[in-house]
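Visitor: The structure follows.
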Amino acid sequence: MALSFLIWLPLLFGICAWLSEKKYSGLGNWITLISLIGLLIFTLYLGNSGSSSLSWQWFARFNIHFALLFDGLSLLLISLTIALAILAVLVSWNDIEKHRGFFHFNLMFSVAGIIGVFLAADLFLFFLFWEVMLLPMTALILIWGHEGRRYAAFKFFIFTQVSSLLMLIAIIALALYHQNQTGQLSFNLGELQQLVIPDTMQFWLMLGFFIAFAVKLPMVPFHSWLPDAHTQAPTAGSVLLAGILLKTGAYGLIRIVLPLFPSATMEFAPVAVTLGVVSIIYGALMAYSQTDFKRLVAYSSISHMGFVLLALFSWNEVALQGAILTIVAHGISSAALFSMAGMIQHRIHSRELGNMGGMWKSAPKMATVTLIFVMAGIGMPGMANFNGELFTLLGSYQQFPVQTIVASLGIIGSAIYGLHLFQRAFQGPPNVDVVDLHMRELVFTSILVAALIYFGLQPHIVLELSSDTIGSLMQTARELRP
Amino acid sequence: MTVPIEHGFVLVALLWAIGLVGLLSRKNTLFMLMSMEIMLNAGALAFILAGSLWQQADGQVIYILILSIAAAEVGLGLALLIRLRQHIGDLDIDKLDEMKG
Amino acid sequence: MQNLLVLVPLLPLLSSLILLLLAGRLSPLLVALLGVGSMGLAAILTLLIGIEFIGLGGESFQQVLFNWLPIAGAPINFGLHLDQLSLVMMSVITGVGWMIHWYAAAYMFEDKDVQRFFVYMNLFVFAMLMLVLGDSLVLLYLGWEGVGLCSFLLIGFWQHKADNVVASKKAFIVTRVGDTAMMIGLLILFSEYGSLHINTIVESTTHVSQSNLWLACILLVGGAVGKSAQLPLQTWLPDAMAGPTPVSALIHAATMVTAGVYLIARMHPLFLQVEGILNLVAWIGVLTLVLAGVAALAQSDIKRILAYSTMSQIGYMFLGLGALAFDAAIFHLMTHAFFKALLFLTAGSIILKMHHQQDIFKMGGLFRSLPLTSTFLLIGLLALVAFPGSSGFFSKEAILAATYQAHTAGPTLWWIGVLGAFLTSLYSFRLLFIVCFGPANHDLKEADYKPTSQLVVPLLPLVTLAVIGGFISLDFSLVFGPANHPHLPLWIEWMPVAVALLGFILAWFLYFPRQSMQASSSVINNFCRDGLGFDWLYEQLFTKPLQLFARINKGDVIDHFYHFVGWFNFSLNEVLVISQNGKLRWYLFGTLAGCALMLGGLILWR
């Protein structure tokens, strides 16, 4: 019962914020902020008492339940979602001019959808939330985005829709197969995991899901929507998009594809791993080519998520640990970089690197935190992203040495685009003067820096929370691969 | 001498075809209505013939039904025609193409 | 006392953090006190720990701080490992580092960014100490990357100048190439040994295939080569001179660039198991040695001469490693830290006096104007050319002697090493003669000449050590095994000295300024001055293609496919919309034609 509050409460507060903005301008910000902080505390409280689950009858005819499952991995990702949503609100505190209430409603709606994705234990419900989280995000881009927002919003919407259509077909086929085997339709993840599916069918089903998650991840060659969506979205939208929306793709792979179709994924692994490596390298190369700050960071996200794909399909315990670490670390670091981009854009009304230059002189605090974020992103040890990269490479080398070696070249690539970004913006002869960080901005960037260093030195909590999921995956692997 | 029933159906087919061709090739809405009348009557004739074939009164009953439907339709059609004439000053059906594209 | 080991890296780290958080609020004096004081404390602590350590017989000492990375099956701790090797490294870093920090406080005193400077310098020392004290390869890698970061920040310290920005980027990226090689080496080692803990790997009895081990070792060498600016990753070091001179002294002479030497020394048990790799290391050392020596002869910037000199001397260290004389290599690392730091800081004093003029051809006659500084320069250079009795003499002799005898090196390499000694002498005395003798090519007044005491005092220990440091006997018996002192024919032992003398005489004839000297502008000179073409080569091979790709593919070629899909749909729409002409008769016709076709089809197929 209490679990479902995690989904209803954001919606409720979103509506409150929407309505209250009409009466008192600016109240919406506070309502959203306080409700999110409360929600975070509530999540941690729920998580403290261990895993829990929920299952209500919904469409009895098709045996669809409103089933939620809250284990360590869900706790981790939901906490990350809410934390990033808080960041999004704080970053765009003064940014939004028109339709403020509706903005907050969309933000909370999106948060509710994402939380739903991380909780759903019934595939139909999962699909529902998958679509639901997409709509308010599209609205965010379309209404409050920048100059190319229509193109970006449409592209984002169509890409995700087409891929989730394939996922829907796979879900229905899976349910029907379950009916075929046991006489009853089922969409429940737990029940479907008991099924033994023949190899060819498993392969096609896996592919249906894989393409949906690969578009979300994103994986080259399905990544095209990301640069436009991230660049044109308002800062809050970019923070949520890069920080958590991409992770729903990884989550889907961990929760659905890997446990349900183990032998198909192992068979497909060489292809997936190679595509992951291509994402890493191509993402890094493309990032270097960009002259738009946000677009560069967007391509760097593609590069980092390539590591996640590499890790997941290696079916190695250390690599899986690395995948989870990368998910958390990248969520924090890319959200941080997008916040910086938003702050800069708010000040100089441009995202072009050519319009920046030598900003360290006028904004040393901003420069220092951006330096820390860039260094985190390029894998400086002592910060969270390095742990993810290290674990991933260590683990996937055991299975796919050649691809891992090529993936390691991403280390050089990330240095190239990271330095390019930082130096063009902040070093060199002063080109433009900017106002340094306000107190509010200093507070949340410091928290982000602290988080990155904390998870860099003490990643234990992340790994403990996800140890059950990783453990059961490795158990499956051991059965298939003695 | 009884006329073979096939001749009747051939007549029906011919009448129907004439009506169709008239419908398709005419631009004036009034003539299109007239052609549709011919098609309707051809259909009605088919029912008469069928009734005669099965020696039942149902064919004739349906004929009456069709006739009344045709009359209603003509009434509506002519009303629309008048409004059309008032609207565009002409009965050319090709002029009604605002739903294009 | 040994338990206080953690304080040695911690003190500089804390100082760095305090200076960062209180940015802009501390007076320059307080900044200097904090920045230099933390180093001083660390150095004293190192001394005390060292005394206790040696007193206890030199047994290695571990101190685990906390659990760091819970890698499944092989968790890594944040742990410190103190043995004879890391003690020597630590002493050099904190001792020489302290002197350099002291000097830097005076050198940078009027710079308005002095607080930021000490943040970076102290952070650097922390990272370097983690590098040498780390008990696992991951912690070593943390230090490795950390020093790379600080080097980047310090080279580009005066960041309003575009040239400095480019130099710092170059340094970071070239060393990153090495770092990536090292990372891949780590992957192989983890895969083979199941752990990244140094002792576990080094003492392991697991049988590893020669090819895998060779691959891992050569990748580690790749990392070392990057950090230590050896062939083929040496191009960043000369440009790194863009940073303030104390930075060049600390990072690019005494400490960071020796990290590669430390890595190979630390992992030497692995290297000993692989056929041929140490020979390769020796060759890399010796080739870099000669290349750098030649390049140094063509430079006219005093710091660039010293940079190439550093590159050359590290080549000697690599040669020592390759010749199985690990203790000699580390000994040379230590003495080199003494005299190279002395040289750089002296150069710094000269540059300050010359109002940031670094061209040696615009100096001249400084023996008269700056006698004390010139004397220090002379002492440093004498140590560099291995003048008998100086610290450099003992260490260089040890390396060359070992090279002659080692089965992984041998006489060929020895001869090339001797050639290197000749070149060292040649460029050193060239520097000395052009800077200190001859007519003054500058226009400074007498009043500018007196050096500030703060700039002299820290140099005194370095001068002393450069002279007598050779008599410090280092005991590496528990790390490298018992030292062997090869007995060689006398002519072999004294050849390097003879050759150095030859260099002195040749330099006298070529470079002693009888009238104003000018930089040569011949083609050969320019080629050597520009790093013997390596910069040009790398630019053609890597930089230009990358930039070309960036220009061409900015719009993302894959996106074109999706644009095509969009375009296709719109074009299809434009074609199909023709049939939507709004004319009722067309629609009717279409309907009927369709019906007719369907009926016909049905009838025909029945």
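The values are calculated or read from the model by the stated rules, or taken from the named source; none is laboratory data. Owing to the predicted nature of the structure, the values given are computational and were not obtained by experimental measurement. Reconstructed Cβ throughout: ideal geometry from the backbone, glycine too, with neighbour counts over all protein chains shown.
Visitor: Out of all the residues in the stretch C:536-577, which are of a type in the set (Ser, Thr, Tyr), farther than 30 Å from C:TRP236 by Cα and surrounded by 13 or more Cβ atoms within 10 Å (Cβ to Cβ)? Quick ask: steps written out before the conclusion?
Guide: The initial filter retains those residues of the stretch C:536-577 that are of a type in the set (Ser, Thr, Tyr), namely C:538, C:543, C:562, C:571.
Retained after the next criterion (residues that are farther than 30 Å from C:TRP236 by Cα): C:562, C:571.
Within the stretch C:536-577, C:TYR562 is the sole residue that qualifies.
Visitor: Let me ask you something else. Output the residues belonging to the stretch C:244-265 that are closer than 25 Å to C:ASP359 by Cβ and modelled with pLDDT of 90 or more.
Guide: Correct list: C:PRO244, C:THR245, C:PRO246, C:VAL247, C:SER248, C:ALA249, C:LEU250.
Visitor: Considering only the stretch A:453-482, state which residues are of a type in the set (A, V, I, L, M, F, W, C) and within 14 Å of another protein chain (Cβ to nearest Cβ).
Guide: A:ILE453, A:PHE455, A:LEU457, A:ILE461, A:VAL462, A:LEU463, A:LEU465, A:ILE470, A:LEU473, A:MET474, A:ALA477, listed by residue number.
Visitor: Within the set of pairs 6+ apart or on separate chains, which have a first residue in the stretch A:405-420 that is over 16 Å from C:GLY156 (Cβ atoms), a second that is of a type in the set (Phe, Trp, Tyr), and C-beta atoms under 8 Å apart?
Guide: So the pair list comes out as A:ILE405/A:TYR397; A:ALA407/A:PHE307; A:GLY410/A:PHE307; A:GLY413/A:TYR288; A:TYR417/A:TYR288; A:TYR417/A:TYR299.
Visitor: Please determine, by comparing only the residues of the stretch B:58-101 that are in a helix (DSSP H, G or I), within 14 Å of another protein chain (Cβ to nearest Cβ) and of a type in the set (D, E, K, R), which one is surrounded by the fewest Cβ atoms within 10 Å (Cβ to Cβ).
Guide: B:ASP94
Visitor: Suppose we filter the stretch B:28-57 for residues that are part of a loop (DSSP other than H, G, I, E, B) and crowded, with 19+ Cβ neighbours inside 10 Å; how many remain?
Guide: Going residue by residue through the stretch B:28-57, those that are part of a loop (DSSP other than H, G, I, E, B) are B:55-57.
Going one step further and asking which of them are crowded, with 19+ Cβ neighbours inside 10 Å, we end up with none.
Total satisfying the criteria: 0.
Visitor: Against the condition in contact with a Cys (Cβ under 8 Å, 6 or more places away or on another chain) and in a helix (DSSP H, G or I), how does A:SER35 come out, does it pass?
Guide: yes
Visitor: C:SER195 fails exactly one of the following numbered conditions: (1) in a helix (DSSP H, G or I); (2) touching a residue at least 12 places away in the same chain (Cβ under 8 Å). What is the number of that condition?
Guide: (1)
Visitor: I'd like to know if the stretch C:154-168 contains one or more residues that are within 8 Å of chain A (Cβ to nearest Cβ), acidic (Asp, Glu), in a helix (DSSP H, G or I) and out of contact with any His (no Cβ under 9 Å at 6 or more places or on another chain).
Guide: Within the stretch C:154-168 (the criterion being within 8 Å of chain A (Cβ to nearest Cβ), acidic (Asp, Glu), in a helix (DSSP H, G or I) and out of contact with any His (no Cβ under 9 Å at 6 or more places or on another chain)), the answer is no, since none of the residues qualifies.
Visitor: Enumerate the pairs (first residue in the stretch A:365-380 and within 11 Å of chain C (Cβ to nearest Cβ); second residue anywhere and of a type in the set (D, E, K, R)) with beta-carbon separation below 7 Å, excluding pairs fewer than 6 apart on the same chain, so at least 6 apart or on different chains.
Guide: A:LYS365/A:ASP436; A:GLY379/A:GLU389; A:MET380/C:GLU145
Visitor: I would also like to ask the following. Name every residue in the stretch A:23-52 that is surrounded by fewer than 14 Cβ atoms within 10 Å (Cβ to Cβ) and closer than 14 Å to A:LEU6 by Cα, in order of residue number.
Guide: A:GLY38, A:ILE41, A:LEU44, A:TYR45
Visitor: Do we have A:LEU394 as surrounded by fewer than 24 Cβ atoms within 10 Å (Cβ to Cβ) and at the interface with chain C (Cβ under 9 Å from one of its Cβ atoms) here?
Guide: Against the criterion (surrounded by fewer than 24 Cβ atoms within 10 Å (Cβ to Cβ) and at the interface with chain C (Cβ under 9 Å from one of its Cβ atoms)), A:LEU394 does not qualify.
Visitor: Out of the residues in the stretch A:319-359 that are over 18 Å from A:LEU448 (Cβ atoms) and crowded, with 24+ Cβ neighbours inside 10 Å, state the one that is nearest to the other protein chains (Cβ to nearest Cβ).
Guide: Restricting to residues being over 18 Å from A:LEU448 (Cβ atoms) and crowded, with 24+ Cβ neighbours inside 10 Å, the top hit is A:GLN321.
Visitor: Just to verify a result, which residue in the stretch B:23-74, among those that are under 11 Å from the mean Cα position of the chain (by Cα) and of a type in the set (S, T, N, Q), is nearest to B:PHE9 (Cα to Cα)?
Guide: B:ASN41
Visitor: Still on this model: Mind counting the residues in the stretch C:135-153 that are of a type in the set (Ser, Thr, Tyr) and facing chain A (nearest Cβ under 8 Å)?
Guide: The total comes to 1.
Visitor: State yes or no: is C:LEU187 closer than 25 Å to C:GLY148 by Cβ and free of Cβ contacts under 8 Å to residues at least 12 places away in the same chain?
Guide: Working: closer than 25 Å to C:GLY148 by Cβ: yes; free of Cβ contacts under 8 Å to residues at least 12 places away in the same chain: yes.
Yes; evaluated as a whole, the condition is true for this residue.
Visitor: Would you mind finding the one in A:VAL215, A:VAL220 that is modelled with pLDDT of 90 or more and within 24 Å of A:VAL273 (Cβ to Cβ)?
Guide: A:VAL215
Visitor: A further question on this structure: So A:LEU240 passes all but one of these: (1) aliphatic (A, V, I, L, M); (2) buried (at least 23 other Cβ atoms within 10 Å of the Cβ); (3) closer than 21 Å to C:ILE558 by Cβ. Which condition number does it fail?
Guide: Single failed check for A:LEU240: (3).
Visitor: Same structure, new question: Just checking, how many residues over the stretch C:355-369 are in contact with a helix residue (DSSP H, G or I) (Cβ under 8 Å, 6 or more places away or on another chain), over 22 Å from C:LEU297 (Cα atoms) and assigned to a loop (DSSP other than H, G, I, E, B)?
Guide: Matching residues across the stretch C:355-369 total 0.
Visitor: Among the helices (runs of 4 or more DSSP H) contained in the stretch C:1-108, which hold 1 or more residues that are within 30 Å of A:LEU325 (Cα to Cα)?
Guide: Hits in the stretch C:1-108: C:7-21.
Visitor: To continue, here is another question. Taking the stretch B:1-55, which residues are within 14 Å of chain C (Cβ to nearest Cβ) and of a type in the set (Ser, Thr, Tyr)?
Guide: B:SER25, B:THR29, B:SER35
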